Amino acid sequence: MVCLKIRKASEEDIKSIARVYVDGWRTTYQGLVPDDYLDRLSYEGAEQRWLDFLNHESEPFIYVAMNDAGMVVGFASGKSIDDENFDGELYALYLLQECRGLGIGRQLVSAIAKHFLEKGISSMIVWVMERNKSGLGFYERMGGKEYLRRKSEFGEIVVEDVAYGWENVSVLCTG
């Protein structure tokens, strides 16, 4: 497992988070959502999206993973939610393509779980596009159980999303 520096993000990290987000979408969702949707993604738009997330969600937070050179190579975000079965949501998890499969995603999920526990939030869900087989496999290997389904729209395409849940996030806290 690659051990990078994982720390809570600040607004100064938003540009780096936006870069990982857009680049992550373009590599992860190629062929799953329309190309023109991916082409319209912009770093500036993503910066605004993540600033809005930090300023308007319920108890939002972001953790970043940095390489030895101090560059953000991945991030995960979370927020509290009002669901009858779960208190928290792993809202996003994105890594640069070259950093996938190295254990960084697992470290970021662990940071999110620890943050939730510190805030008294013991359960969480994450939404994953059903056709994102690597994402589904990742959360299944992390012990997530299928909880719910919904439909989302990207351009003209409607996709199925699956929510995975953990009733006790302490099982995700490693290291």
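Values computed for the structure shown
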quantity: Complete set of residues in segment 35-63 that are aromatic (F, W, Y) and more than 15 Å from the chain's Cα centre (by Cα); calculated: Y37, Y43
quantity: Residues of segment 1-52 satisfying the condition of being without any contact (Cβ under 8 Å) to a residue 12 or more places away in the chain and either part of a loop (DSSP other than H, G, I, E, B) or closer than 25 Å to L136 by Cα (or both); calculated: S10, Q30, G31, D35, D39
quantity: Given (1) outside any strand (DSSP E or B); (2) farther than 20 Å from Y139 by Cβ; (3) aliphatic (A, V, I, L, M), number of the condition V64 does not satisfy; calculated: (1)
quantity: Within segment 12-38, tally of residues that are under 24 Å from H115 (Cα atoms) and surrounded by fewer than 12 Cβ atoms within 10 Å (Cβ to Cβ); calculated: 1
quantity: Segments classed as strands (runs of 3 or more DSSP E), wholly inside segment 68-175, with at least 1 members that are more than 17 Å from the chain's Cα centre (by Cα) and at pLDDT below 95; calculated: 145-154, 157-166
quantity: Within segment 30-47, tally of residues that are small (G, A, S) and either closer than 13 Å to E153 by Cα or in contact with a Phe, Trp or Tyr (Cβ under 8 Å, 6 or more places away or on another chain) (or both); calculated: 1
quantity: Residues that are surrounded by 19 or more Cβ atoms within 10 Å (Cβ to Cβ) and among the small types (G, A, S), drawn from segment 100-122; calculated: G105, S110, A111, A113
quantity: Residue within segment 71-88 that is among the basic types (K, R), under 23 Å from L38 (Cβ atoms) and either surrounded by 16 or more Cβ atoms within 10 Å (Cβ to Cβ) or touching a helix residue (DSSP H, G or I) at 6+ places or on another chain (Cβ under 9 Å) (or both) present; calculated: no
quantity: Residue count, segment 152-175 (criterion: under 19 Å from G103 (Cα atoms) and either among the small types (G, A, S) or in contact with a Cys (Cβ under 9 Å, 6 or more places away or on another chain) (or both)); calculated: 2
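This table checks each residue for (1) of a type in the set (A, V, I, L, M, F, W, C); (2) more than 25 Å from Y29 (Cβ to Cβ).
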site	(1), (2)
A69	yes, yes
G74	no, no
S80	no, yes
E84	no, yes
E89	no, no
R100	no, no
I104	yes, no
L108	yes, no
K114	no, yes
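The values are calculated or read from the model by the stated rules, or taken from the named source; none is laboratory data. In this text, all values refer to a predicted model and were calculated from it rather than measured experimentally. With ideal geometry, Cβ positions are generated from the backbone for all residues, glycine too; neighbour counts draw on all protein chains shown.
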